[in-house]
Amino acid sequence: MSFGQGGPYGAQGDSGPHTTPWGAPPPQQPGQPGQPQPGQFGPPPGQPAQAAPLPPQQPAAHPGAQPPQAPPLPHPGVLPQPWDRPQAGGTPDWAALADTADRNRRRKWLLIGGGALATAAVAAIVATAVVLSDKGDKNLPAAEKLPSASAGTPEPTFSKAVTPPPNPREFISSQEKDTAPLTVKTLFPHSKPSLDKRVYKRAAQDTATDCASVAQGGLGQVLADNGCRQVLRSTYVRDGVAVTVGVAVFDTKAAADKAKEQSTGNIAPLTGDDAASFCQGTACRLSANAEGRYAYFTIAGFTNGSAVTPDDTKALQAGRDVAGYTFRRIMARANAQAAAAASPKPSGKPSAKPSDSAKNKA
């Protein structure tokens, strides 16, 4: 039977390094390496040397197998744990592991429970402090009492909301609402109106209740068929051109619109000192318009009686100026009546007439 390299302690007299069961070399005494020292391992002087007992024999290792390795020593300063203890057969100490896990679990729950109790204690202390602070403020001043309203104190008053004025066109759309005085003087009050910076001179004015008598070329029949009440005419001259405007008055806006759509012929020119013979059987510029219950027509030509050519611009411009002036005068009448209706009127007095400022607007 072979014993390898002399067992774990080596053969007697072996000069090679010796190892302990954990891999540390055996201590050496001063003197010859590997030889027993006097007084320690050798026999007393004069006695025969006795052989030292051999350690237990280890079975021979299988050829080619690695020698068994000793478990490593724990790191300095680290206590050995239960699982570091060598067990028979190379298995860990499961009972020690389970006991350590129980201790860790109990320590964790103790920490959690202690934290919860500490939080509850802090909350109770804060609540107690708040209650005590509320109970301690007993010397606060009482709320001041507001003075009660005396019997003689007047209650606040609020004025009524001002309603917006009505639509001015409502007052010139029917005879029932259009009640302001209507004459050629109130409708055309200016003797020298400035129309778009062009000054015209008023030459003649008249009023006719027989509407057909102041119309030509079939316009008289149109006015009569739609219920014309009267025609107010006014003539203006400027720079050798004369323009007559005739305003036909109806009861309703629908009648005036119908007369404008059916218009044919022309209003008869109203001659005067500065326009004695214009548009007498010669070509002239014509226009027809309507606003509210009023239909108005213009005729424009040269004061010397000459015909208006298609490329002429003077008669065309004069007709447009006077037509625009007539529209503004009708709307000034509507605005004046709307403003009078919106303002409070003294009891027992009739509604106010159109103001002078409204009359002077061109």
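The values are calculated or read from the model by the stated rules, or taken from the named source; none is laboratory data. Computed from a prediction, not measured in an experiment: that's the story for all the values here. For neighbour counting, all protein chains shown are included, and Cβ atoms are generated from backbone atoms with ideal geometry for every residue, glycine included. To get the accessible areas, we keep the full protein, side chains included, count just its heavy atoms, and leave off ligands, DNA and RNA. Shrake-Rupley method; radii C 1.70, N 1.55, O 1.52, S 1.80 Å.
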Of the listed links K197/K253; K185/K314; K260/K314, those spanning more than 29 angstrom between alpha carbons are K197/K253
Once A341 and T313 are pulled to full extension, the length gained, defined as 0.36 nm per residue separation minus their Cα-Cα distance, is 5.8 nm
Taking only C-alpha positions in the stretch 172-276, Rg and Dmax in angstrom work out to 14.4, 42
Lys and Arg at +1, Asp and Glu at -1: neighbours of A204 with Cβ under 9 Å from its Cβ sum to -1
Heavy-atom accessible area of I299, protein chains in place, probe 1.4 angstrom, given in Å² to nearest 10, is 10 Å²
